[in-house]
Amino acid sequence: MGSDLERYARQMILPFIGEDGQRRLLAGRVAVIGCGALGTVIANSLVRAGVGFTRIVDRDFVELNNLQRQILFDEADVEQRLPKAIAAARKLAVANSSVEIEPIVADANYANIEGFIRDVDVVLDGTDNFETRYLINDACVKLGKPWVYGGVLATYGLTMTIVPGVTPCLRCVFPEAPPPGTTPTCDTAGVLGMAVSVVASLQSAEALKLLVKSGEVNRGMLWVDVWESTFDRLSAVRPEQGCPACSEGRFDFLVGSAGAVATSLCGRNAIQITVPTTRKVSFPLLAERLQNAGKVSYNEFMLRLQVDGFEITVFPDARAIIKGTTDESVAKTMYAKYIGV
Ligand SMILES: [Zn+2]
């Protein structure tokens with residue numbers, strides 16, 4: 001065993017991994033989309049297991065109520081208001097300096113999602129909303145990339161592995177997203193950290209199986225409730241009339257809209273505004289412009305404006321999170337007023 005493999009010794013004893021499997025993991029590339037509860041557990045598992053390249057994409061920054069379940073963050077990250085992708089990458093770089101970690105502070109959307117997954121072998125779902133999951137599904141089916149869906153609420157969670165061309169996809173199982181406001185969210189129903197850990201660990205194991213190419217992934221959906229102590233397996237089938245994504249090759253979610261898009265953020269009393277632009281925001285210039293509007297501060301990752309009881313956080317890609325409202329039109333108005341489209 002080479003000294004570079006020493007740290008993986010206990011995992012390499014497993015006959016289905018061995019030295020060959022470990023070398024495949026080291027050559028493997030994954031993208032973790034969303035680095036909150038599920039994403040931190042997944043990134044932690046995969047980086048420590050020796051996956052050679054891990055891209056971590058997240059749009060948010062660390063807050064105090066994340067620490068209950070988002071295992072890579074601590075109080076210093078909250079104090080420094082670090083973006084989650086950056087904080088996660090810094091923690092993991094000290095846990096395993098021999099693999100590559102690429103943090104990306106961005107909202108995964110129709111314009112950038114293919115770029116995030118094109119050069120990886122497996123995509124992991126660490127998101128908390130159906131909109132982004134359908135986006136991941138469309139992009140992965142289109143590019144033929146396996147991905148592992150995961151979702152958690154309260155004490156239960158669900159995971160499913162999607163291998164394009166082999167298994168049914170997310171749209172086969174859930175043809176349409178539930179209308180906004182009709183399903184419970186972690187905002188309204190809460191979430192137990194242990195439910196997150198179980199689902200994220202199942203997802204991570206699926207990624208390992210796909211990377212070592214040992215063959216069998218989990219077929220169908222796996223449902224777990226950590227409070228009831230139950231596991232259930234549900235079958236997933238392609239609908240008889242076919243699936244828009246994996247039967248017809250119609251990728252509805254990769255077709256974007258041109259205007260500003262407002263998204264409610266789970267559990268945050270906040271709305272995110274994204275605008276389709278490729279130009280980068282200059283924080284020094286924006287800070288100067290806003291100096292009389294309210295209290296302005298910025299670092300290399302974000303600019304923050306406090307005004308009229310709202311807190312507006314602007315990212316270099318012109319995206320903003322407006323805290324202090326759950327009303328999309330109020331958030332859009334605040335964005336237009338202070339940041340401009
Ligand atoms: Zn499908």
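Couple of notes before you dig in:
- Screening Asp121, Asp107, Asp125 for residues that are in the same structural domain as Arg59 (by TED's automatic domain parsing), of a type outside the set (Val, Ile, Thr) and crowded, with 24+ Cβ neighbours inside 10 Å leaves exactly one candidate, Asp125.
- Any hit, the stretch 106-123, residues being touching a residue at least 60 places away in the same chain (Cβ under 8 Å), within 16 Å of the ligand (Cβ to nearest atom) and either in contact with a helix residue (DSSP H, G or I) (Cβ under 6 Å, 6 or more places away or on another chain) or of a type in the set (Phe, Trp, Tyr) (or both): yes
- From Leu38, Leu26, Leu46, residue being within 26 Å of Pro146 (Cβ to Cβ) and either assigned to a loop (DSSP other than H, G, I, E, B) or out of contact with any Gly (no Cβ under 7 Å at 6 or more places or on another chain) (or both): Leu46
- Just so you know, in the stretch 251-265 the residues that are surrounded by fewer than 17 Cβ atoms within 10 Å (Cβ to Cβ) and closer than 18 Å to Arg133 by Cα include one that is nearest to the ligand (Cβ to nearest atom), and it is Asp252.
- Selection from the stretch 104-115 of residues that are in a helix (DSSP H, G or I) and of a type outside the set (Gly, Ala, Ser): Ile113, Glu114
- For the stretch 201-219, the criterion of a residue being within 16 Å of the ligand (Cβ to nearest atom) and surrounded by fewer than 18 Cβ atoms within 10 Å (Cβ to Cβ) is satisfied by at least one position.
Residue-by-condition table, conditions (1) aliphatic (A, V, I, L, M); (2) outside any helix (DSSP H, G or I); (3) in contact with a Gly (Cβ under 7 Å, 6 or more places away or on another chain); (4) at pLDDT 95 or above:
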{"residue": "Gln68", "(1), (2), (3), (4)": "no, yes, yes, yes"}
{"residue": "Leu92", "(1), (2), (3), (4)": "yes, no, no, yes"}
{"residue": "Ser97", "(1), (2), (3), (4)": "no, yes, no, yes"}
{"residue": "Glu102", "(1), (2), (3), (4)": "no, yes, no, yes"}
{"residue": "Thr127", "(1), (2), (3), (4)": "no, yes, yes, no"}
{"residue": "Glu131", "(1), (2), (3), (4)": "no, no, no, no"}
{"residue": "Lys142", "(1), (2), (3), (4)": "no, no, no, yes"}
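- Among the residues of the stretch 236-246, not a single one is surrounded by 11 or more Cβ atoms within 10 Å (Cβ to Cβ) and more than 16 Å from the ligand (Cβ to nearest atom).
- Among the residues of this structure, Ala87 does not count as one that is outside any strand (DSSP E or B), of a type in the set (A, V, I, L, M), under 28 Å from Ile322 (Cα atoms) and free of Cβ contacts under 8 Å to residues at least 12 places away in the same chain.
The values are calculated or read from the model by the stated rules, or taken from the named source; none is laboratory data. Everything numeric in this text was worked out from a predicted model, so none of it was measured. Reconstructed Cβ throughout: ideal geometry from the backbone, glycine too, with neighbour counts over all protein chains shown.
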